[in-house]
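Report on the structure given below.
Nothing in this text is a laboratory measurement; each read-out follows from the coordinates by a stated rule. What you are looking at is a predicted structure, and each value in this text was computed from that prediction instead of being measured. Cβ: placed from backbone, ideal geometry, glycine included. Neighbour counts: every protein chain shown.
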Amino acid sequence: MLTQLSTVKSRLALVVTDYDDLLTNAIKAVSARFDKETNRTLSRTATGTHEFDADDTEIPPRYGR
């Protein structure tokens, strides 16, 4: 999956669990569609995350962990 349920819920300010199954299925579907459209596997395969500001114009690659 391209993102985690907790991240989506945080960004949408959702605290209820009523829609967790729906959101999880949507995340899986969108992730699969991105993979199909780009002919690549974009899902995260490594552990860890890197957050950056939305107004950054360049995102340097991270080397090492």
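Spin-label model, Arg33 to Arg11: label points 7 Å out along the Cα-to-beta-carbon direction sit 1.4 nm apart.
Sorting the segments 52-58, 32-38, 5-11 by their mean number of nearby beta carbons within 10 angstrom, highest to lowest, gives 5-11, 32-38, 52-58.
Relative to the current alpha-carbon distance between Asp18 and Gln4, full extension at 0.36 nm per residue lengthens the span by 3.4 nm.
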